[in-house]
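Input: a single structure, listed below in structure tokens.
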RNA sequence: GCGCGGUUAGCUCAGUUGGUAGAGCAUCCCCUUGACGUGGGGAGGGUCACAGGUUCGAAUCCUGUAUCGCGCACCA
């Protein structure tokens, strides 16, 4: 008894003359690595090699994509799978269109991100970074990064990425660091850099400061305390900061407090005994909020810091870097603020200073985006970049559409951010990163940019300077990536491939990275770093939920490619996926495209078998009327698809090709061909055979950017004289 | 609080200058054994969130409302 369910595919076709592999379903596992190796050996990922081999004309226009440097601290996730797919589609399409195409891969040391990953590893081993000597820790993380990057790179290859590995860059490469240092120096010379003793966002757990972008606002319900402060009632959500409060602030127009004058002193009883407070009038006060009176803690609050700066008030540190109270807190000194708060309230209550407590006060607290620890603002000396001027130029190029955003609405978001930009703190108190080339005077707190390590004495006070131990915010280096990797300013690559054509990345990086690349690119090179920004959406699980390790719904793209093949995975993430929209990824969808890959395989079996002995004639011109009609439909379809490709609508292009190959070519044309091929008219037969071969060759070429492996594999069996590898064949119509 | 999006078939989403709604998957029915059951043909299913407005005509443009999501924000 024959069970047709386990019958081998095509096994009922004993006289087949096609190569044996077509008698079985397409086997991605047996194919992909072999094909990728062949591509890599061919050198065609490298535009120079394409020109040498005659695949690309010497005078062709360049097309450049710089790959967002992959974080070298983990392994490939679904988001990477999407990036690699979209960028590879762009790259392969342009290469086939004849452009001098460069897709430049890179790795990011990803400063803080990597350090956090490594700290978790240390934690598991029962160690902490604070007990490891700096250079040892740096070396450990470097080894970790190098080990990881090997994994990442092999995974990028698995995705079929046709990037030029010979030009690969790492953010800690010597030449990259050199460019970053020069930018630091130039910013200083142009008065766009300053060392400021300013209030910064400090994470007590990670022991580093952040820029405004690394802070996540979180709504919380906490106690809100109304405290008696002499004749006033002040309100606060943070009683533990109130020890040093000796200024009481109100709005100058507030009639309720008209009797009090700016600068007036009053004596009052406070947490740890009697103090003298000074009245300050400032219009930043919202008369409607609370009692319209507040005391200030300039060292630990940005608003208060602003008031203190304007009025020249004293600033005193209350909480240390670990989140513990300092001696100013008297009996509470050394206690962690979390523990101290209720005890402070108890004491205030016993002194009769608590008027009322609102236990359900809803407000927003600023937390560390990594660990969720409440940010403790601290005053620190750090390097800041003045952003206003840099932002102005960026605003110009975006408004004039010299840079175009896809999808469009990212443009508005970016403009809004740039218009309200604040100075950028680029100092990080972590080991893993590019060391800031600067000297600091511990005596008078002056900072000096010192690329050549020459400065030994402070100009201001004559004191001995020490090396700045901080490292750059990782985004300071990655924001210079497009020109740095191309060898700015003198390298030929920079002259040929810059400005780049497209920056394809995730929408979550629109400020972190994209906006800053535009600003620094314009600043250093006087040109936009890229002409188009293409933002893909977040990859989510099948239910539309964000993937996270804690939810356990993380989909590893490599599991999917192993199971269904890379081509199927690529189709699944690109078909119907509009830019900017989040993409729910399910194995269902990947299965559907695995079927398509196999369908193409079976189409080929039919075409090769029924045209056996026939070779594709390049200039065949005796097509039957029916075939001419089909050619018209096909070429119109290809013209549409080309237009979609040129306008980066891969989600439509891929769908149209899918539809044509399956429901037009396979369902209609192949069925209709059977009687013709078995018929008596030799001219019709000849015409149909040529048409089938020609159309299959068109489909293979058009699908190649989307499904590179299976198309290349089929291409190798096509009866076409003088063919090249499909990767450098011409896109249909070109 | 301000800003930006989304709201279309059971699910995920298209719908590019306004012309009586589309795809994939899912569901149901039928058919098929020499390319392919990872197949072929067909069906059901939507008052395009809601309310106004502009228009001969609105999913599409304008105003407002609701709801979800995201971003920004120095209300102690």
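The values are calculated or read from the model by the stated rules, or taken from the named source; none is laboratory data. All figures in this text were calculated on a predicted structure; none of them were measured in a lab. Quick reminder, even Gly has a Cβ in these numbers, built from the backbone with ideal geometry, and neighbours come from all protein chains shown.
Please verify whether residue A:562 is in a helix (DSSP H, G or I), modelled with pLDDT of 80 or more and within 10 Å of RNA strand B (Cβ to nearest atom), treating the condition exactly as stated. No. For segment A:274-303, the candidate set comprises residues that are within 23 Å of residue A:357 (Cβ to Cβ) and part of a strand (DSSP E or B); within that set, the residue that is farthest from RNA strand B (Cβ to nearest atom) is A:275. For segment A:130-164, a residue qualifies if it is in a loop (DSSP other than H, G, I, E, B), over 30 Å from residue A:727 (Cα atoms) and either touching a residue at least 40 places away in the same chain (Cβ under 8 Å) or touching a helix residue (DSSP H, G or I) at 6+ places or on another chain (Cβ under 9 Å) (or both), and exactly one does: A:132.
For segment A:489-500, a residue qualifies if it is crowded, with 22+ Cβ neighbours inside 10 Å and not in a helix (DSSP H, G or I), and the qualifying residues are A:498, A:500.
Restricting the search to segment A:639-651, which residues are more than 9 Å from RNA strand B (Cβ to nearest atom) and either surrounded by 20 or more Cβ atoms within 10 Å (Cβ to Cβ) or not in a helix (DSSP H, G or I) (or both)? Scanning segment A:639-651 gives A:641, A:645, A:648, A:650. Among the residues of segment A:714-731, those that are touching a residue at least 60 places away in the same chain (Cβ under 8 Å) and within 33 Å of the chain's Cα centre (by Cα) comprise A:725, A:727, A:728, A:729, A:730, A:731. Within segment A:186-194, not a single residue is closer than 27 Å to residue A:294 by Cβ, at pLDDT 90 or above and either within 13 Å of RNA strand B (Cβ to nearest atom) or not in a strand (DSSP E or B) (or both). The requirement of being surrounded by fewer than 20 Cβ atoms within 10 Å (Cβ to Cβ), part of a helix (DSSP H, G or I), more than 16 Å from RNA strand B (Cβ to nearest atom) and without any contact (Cβ under 8 Å) to a residue 40 or more places away in the chain is fulfilled nowhere in segment A:663-681; no residue meets it. Could you count how many residues in segment A:420-437 are within 16 Å of RNA strand B (Cβ to nearest atom) and part of a strand (DSSP E or B)? Result for segment A:420-437: 2. Residues of segment A:395-419 that are away from RNA strand B (no atom under 13 Å from the Cβ) and in a helix (DSSP H, G or I): A:395, A:396, A:397, A:398, A:399.
Rundown of residues vs (1) more than 38 Å from the chain's Cα centre (by Cα); (2) surrounded by 14 or more Cβ atoms within 10 Å (Cβ to Cβ); (3) on the phi < 0 side of the Ramachandran plot, yes/no style:
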position	(1), (2), (3)
A:317	no, yes, yes
A:331	yes, no, yes
A:347	yes, yes, yes
A:366	no, yes, yes
A:382	no, yes, yes
A:385	no, yes, yes
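Looking at segment A:531-544 only, could you name the residues that are more than 10 Å from RNA strand B (Cβ to nearest atom) and modelled with pLDDT under 75? Within segment A:531-544, A:541 is the sole residue that qualifies. Given the criteria closer than 21 Å to residue A:599 by Cα and either loosely packed, with under 15 Cβ neighbours inside 10 Å or within 16 Å of RNA strand B (Cβ to nearest atom) (or both), does residue A:58 qualify? It is false that residue A:58 is closer than 21 Å to residue A:599 by Cα and either loosely packed, with under 15 Cβ neighbours inside 10 Å or within 16 Å of RNA strand B (Cβ to nearest atom) (or both).
Screening A:32, A:40 for residues that are within 28 Å of the chain's Cα centre (by Cα), crowded, with 22+ Cβ neighbours inside 10 Å and either within 16 Å of RNA strand B (Cβ to nearest atom) or in a helix (DSSP H, G or I) (or both) leaves exactly one candidate, A:32. If only residues of segment A:343-373 that are touching a helix residue (DSSP H, G or I) at 6+ places or on another chain (Cβ under 9 Å) and within 25 Å of residue A:204 (Cα to Cα) are counted, the one that is farthest from RNA strand B (Cβ to nearest atom) is A:343.
Residue by residue, here is whether (1) within 14 Å of RNA strand B (Cβ to nearest atom); (2) in contact with a strand residue (DSSP E or B) (Cβ under 7 Å, 6 or more places away or on another chain); (3) in a helix (DSSP H, G or I) holds:
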{"residue": "A:569", "(1), (2), (3)": "no, no, yes"}
{"residue": "A:588", "(1), (2), (3)": "yes, no, yes"}
{"residue": "A:593", "(1), (2), (3)": "yes, no, yes"}
{"residue": "A:615", "(1), (2), (3)": "no, no, no"}
{"residue": "A:636", "(1), (2), (3)": "no, no, yes"}
{"residue": "A:653", "(1), (2), (3)": "yes, no, yes"}
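Of the residues making up segment A:304-315, those that are crowded, with 19+ Cβ neighbours inside 10 Å and within 11 Å of RNA strand B (Cβ to nearest atom) are A:304, A:305, A:307. With respect to (1) more than 10 Å from RNA strand B (Cβ to nearest atom); (2) in a loop (DSSP other than H, G, I, E, B); (3) in contact with a strand residue (DSSP E or B) (Cβ under 8 Å, 6 or more places away or on another chain), the lone exception for residue A:514 is condition (2). For segment A:310-340, filtered to residues that are assigned to a helix (DSSP H, G or I) and touching a strand residue (DSSP E or B) at 6+ places or on another chain (Cβ under 8 Å), the residue that is nearest to residue A:277 (Cα to Cα) is A:311. Just checking, does segment A:212-233 include any residue being within 14 Å of RNA strand B (Cβ to nearest atom), under 17 Å from residue A:316 (Cβ atoms) and out of contact with any strand residue (DSSP E or B) (no Cβ under 7 Å at 6 or more places or on another chain)? No, every residue in segment A:212-233 fails to be within 14 Å of RNA strand B (Cβ to nearest atom), under 17 Å from residue A:316 (Cβ atoms) and out of contact with any strand residue (DSSP E or B) (no Cβ under 7 Å at 6 or more places or on another chain). Among residues of segment A:43-55 being in contact (Cβ under 8 Å) with a residue 12 or more places away in the chain and surrounded by fewer than 22 Cβ atoms within 10 Å (Cβ to Cβ), the one that is nearest to residue A:610 (Cα to Cα) is A:55. Strands (runs of 3 or more DSSP E) fully within segment A:56-129 that include at least 1 residues being in contact with a strand residue (DSSP E or B) (Cβ under 9 Å, 6 or more places away or on another chain) and under 24 Å from residue A:701 (Cβ atoms): A:62-66, A:100-104.
Checked against (1) modelled with pLDDT under 90; (2) under 30 Å from residue A:423 (Cβ atoms); (3) surrounded by 17 or more Cβ atoms within 10 Å (Cβ to Cβ); (4) in contact with a helix residue (DSSP H, G or I) (Cβ under 7 Å, 6 or more places away or on another chain), residue A:285 passes all but condition (4).
Of all residues in segment A:472-487, those that are outside any helix (DSSP H, G or I) and modelled with pLDDT under 95 total 1.
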